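First the structure, in the form of structure tokens, and then the observations on it.
The values are calculated or read from the model by the stated rules, or taken from the named source; none is laboratory data. Please read these numbers as outputs of a predicted model, since none were measured by experiment. For neighbour counting, all protein chains shown are included, and Cβ atoms are generated from backbone atoms with ideal geometry for every residue, glycine included.
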Amino acid sequence: MNVALPPELERRVHESLDRGEFANPDEFFRQAAELLLEVRHGEGPPMPVDECWNGRVEALIKESQASGDATEMTEHDWREVERQGMALLRARKKA
């Protein structure tokens, strides 16, 4: 498989490789492909990464800002996050 990249993206990939973040280009693109596929096809419906992406992100930011001031997490909040995370892990293991 050959991949053609715009010059700026190719430069950034090479910088990442030069920093030793990946052993070689194959490793970089293998991990990139796995991450993209997980984001698009992980839990729930696929998430399209397209020209509408920025609009969705902006809408989520506005929604979070409209939800009120941030509050400190309580012990109950952390237990709930852990409970939900464990439920997701169990569901993935069953799949």
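At-a-glance table
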item: Checking PRO48 against (1) exposed (fewer than 10 other Cβ atoms within 10 Å of the Cβ); (2) at pLDDT below 90; (3) in contact with a helix residue (DSSP H, G or I) (Cβ under 9 Å, 6 or more places away or on another chain), the condition it does not meet; result: (1)
item: Output for the stretch 13-32, where each listed residue is assigned to a helix (DSSP H, G or I) and exposed (fewer than 12 other Cβ atoms within 10 Å of the Cβ); result: GLU15, ASP18, ASP26
item: Breaking point among (1) closer than 30 Å to MET86 by Cα; (2) at pLDDT 80 or above, for GLU10; result: (1)
